[in-house]
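Each remark here refers to the structure printed beneath this line.
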Amino acid sequence: MSYRTTPLEEGIKNLYMKLGITGPEYPIEELAEKLNIYISYQKKPCLQQRGTIYLNPYLSSEKQKELFFYELSHVLPHVGIQLFMPKLFKSLQEHKANYIALHLAIPTFMLQKVNFPLYHEDAIANVANQFKVTTEFSQKRLHEYRNQVNQNLNIL
């Protein structure tokens, strides 16, 4: 099967390759450092600082990672990373941040290297474990991935 990547998937792959990140084992602190983004482990203050992502220290590490990628989808265009074309970014709405976070946390080029178990529930747990996210987040990402695969099949 020939999988056609989207511009978002290609942009994320190019960014990660440029940063030397090729697998899911990287910590968010490493990614943030490479992007010149500061992570502050505290509840959001009244005044936000540009280039800072605030993570609640009382959340699980999986939830912190998910929130990091959600916030990163907002921060990237403001720190000079040209992941999105300006016109495209202007058209993105808040609801798309969740979609982008799924792709940032579990990039397609990494997901395609996963050996999926036979059963869907096992695949969800496997991806959640490898990428250190919750099973709910993994399920959403695998749903998006399956939709993209099915869309590619319909094109052929």
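The values are calculated or read from the model by the stated rules, or taken from the named source; none is laboratory data. Predicted, not measured: the structure shown is a model, and the values here were computed from it. Neighbour counts are summed over all protein chains in view; Cβ atoms, including those assigned to glycine, are modelled from backbone coordinates with ideal geometry. Note: accessible area is taken over every heavy atom of the protein model, side chains too, but ligands, DNA and RNA are not part of it. Shrake-Rupley method; radii C 1.70, N 1.55, O 1.52, S 1.80 Å.
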Could you grab the Rg to Rh ratio for segment 96-156? Cα atoms only, Kirkwood for Rh. 0.96
Given a 1.4 Å probe and the protein chains all in place, what does the accessible area of residue 59 round to, in Å² to the nearest 10? 70
Cross-link pairs beyond the 19 Å C-alpha cut-off, checked among 43/65; 65/132; 44/140; 63/132; 18/96: 44/140; 18/96
Amide H neighbours of residue 53 under 5 Å, at least 5 residues apart or on other chains, H built in the peptide plane: list them. 38, 39, 40
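Please report the net charge: other residues with Cβ closer than 13 Å to the Cβ of residue 26, K and R +1, D and E -1. Walk me through the numbers on the way to the answer.
Values: positive: 34, 65, 132; negative: 25, 29, 30, 33.
Local charge sum for residue 26: -1.
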